[in-house]
Each structure stands twice: as structure tokens, then as C-alpha cells.
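Worksheet: the structure to be examined is printed underneath.
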Amino acid sequence: MIDSKQASEALSEIDDIAHRVRQSFIYDVSSQMMIMWGALVFAGNLVTYFTPRYADAAWMAVYVLGISGWFALGVMGYARTRVHTFDARMLAAVLMFFAFGFFVTGVLGHFTPRQLGTFWPLYFMLVYALAGLWIGMAFVAIGAVITALTLVGYFFIGHEFPLWMAFVNGLGLILSGLWMRWS
């Protein structure tokens, strides 16, 4: 027979294991998303740098492919784990997120291309950092580093800013996703 102290310790160990499993699952799903979005953002920034007249179309393609890819990864993940990572609520949240961003940049702000190239990474990294307060400090760190490097680029990098962002944001997300996968 175990006493109340031993039972409390056992329950605490079970809770700790459950927390680590939940965080491992979140990091696994997130790493896939980060790698996918990183590759798309890298490509979008390269198009913006090398052929700026196609930037608008490239970014629309990035957003459509990213949301579609997110959905596809969610379907594949569900088949493997039986856990929904992309459902109707997530789709609604993503659409609201983008709608707000487009409203701010297109209606309220009329941003220049450089400001757009800064706003969207900052906007995404805010979400990363906020989510990290609940699901893991790695997200806070990723958000803070990419935000800081984005601002360095905005204020100190000239015409090569989209190329800078391909590496800071695109490659940064890919490397962060790989790091999460290996953690």
C-alpha cells in the first residue's frame, strides 16, 4: 500500500510525463509547419528580390500553398495519430489572421513593399511568441530572434532587404523547424 506522499509523487511524475509527451507532439507538428512555411517564405522573398513585379502573385501563392499545405499535413497527421491539428476552427482562425493582416496593410496602412516585407514576419512572430508562453519557450525564442533580425534588416539593409528576409525568415523557420524535430 502506498501512502498519500507516494501517491502524490506518482501523480506528479505522470503529469510531468504527460506534459513532455504533449510538448513533444506540439513540437513535431510545429516543426513540419515551420519547415514548410520556411521554404515557401524563402521562395517568396527570392521572387520579391529577383523579379519584384511578380511579388504580389508570389506572395498570394505562398499564402494559398501554405494554408493548403497546413491542411494536408493536418490530414496526414490525423491518419497517423488520430489527433486533429487542423480543423474548422483552425481554418477560421487562419482566415481571420490573414484578413486582419490584409485589412491593416491594405486599407488602414497602404504599406510600401519594404513595410509589407517587415509587417508580415513581425505579425507572424508575435503569434509565435504569444503561443510560446503556453506551449514552449522555443517559440518565444524563435519569435524574438526573427523579429530582432527583421528589424535589423528593415533599418540597416538596403535594396537587398528581400534577400535578407529570405535567409532570416525563410531559412530561420526551416532551421527552427529542424531544431524542434531534433529536440
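The values are calculated or read from the model by the stated rules, or taken from the named source; none is laboratory data. Note that the structure is a prediction, hence the values are computed from the model and not measured. Here Cβ is always computed from backbone atoms with ideal geometry, including for glycine, and neighbour counts include all displayed protein chains.
Among the residues making up the stretch 45-97, a single one is at pLDDT below 85, among the polar types (S, T, N, Q) and not in a loop (DSSP other than H, G, I, E, B): 81.
The set of residues in the stretch 120-158 being at pLDDT 95 or above and assigned to a loop (DSSP other than H, G, I, E, B) consists of 157 alone. Report, by residue number, each residue of the stretch 96-130 that is within 15 Å of the chain's Cα centre (by Cα) and either closer than 17 Å to residue 70 by Cα or of a type in the set (D, E, K, R) (or both). The answer is 97, 98, 124, 127, 128. For the stretch 46-62, a residue qualifies if it is of a type in the set (Gly, Ala, Ser) and more than 20 Å from residue 168 (Cβ to Cβ), and the qualifying residues are 57, 61. One residue stands out in the stretch 26-62 among those that are surrounded by fewer than 17 Cβ atoms within 10 Å (Cβ to Cβ) and among the aromatic types (Phe, Trp, Tyr): the one that is farthest from residue 91 (Cα to Cα), namely 50. If only residues of the stretch 106-131 that are of a type in the set (Ser, Thr, Tyr) and buried (at least 17 other Cβ atoms within 10 Å of the Cβ) are counted, the one that is farthest from residue 153 (Cα to Cα) is 128. So, residue 100, is that one assigned to a helix (DSSP H, G or I), exposed (fewer than 14 other Cβ atoms within 10 Å of the Cβ), modelled with pLDDT of 95 or more and aromatic (Phe, Trp, Tyr) or not? Spelling it out, residue 100 is indeed assigned to a helix (DSSP H, G or I), exposed (fewer than 14 other Cβ atoms within 10 Å of the Cβ), modelled with pLDDT of 95 or more and aromatic (Phe, Trp, Tyr).
The residues on offer are 149, 133, 122, and the sole one that is closer than 22 Å to residue 94 by Cα and touching a residue at least 12 places away in the same chain (Cβ under 8 Å) is 122.
Within the stretch 158-183, being buried (at least 16 other Cβ atoms within 10 Å of the Cβ) and either of a type in the set (A, V, I, L, M) or at positive phi (or both) holds for 163, 165, 166, 168, 171, 173, 174, 180.
Scan the stretch 144-156 for residues that are more than 19 Å from residue 55 (Cα to Cα) and either surrounded by 13 or more Cβ atoms within 10 Å (Cβ to Cβ) or of a type in the set (Ser, Thr, Tyr) (or both) and jot them down. Listed by number, the residues that qualify are 144, 145, 146, 147, 149, 151. The number of residues in the stretch 64-77 that are buried (at least 18 other Cβ atoms within 10 Å of the Cβ), farther than 18 Å from residue 174 by Cβ and aromatic (Phe, Trp, Tyr) comes to 0.
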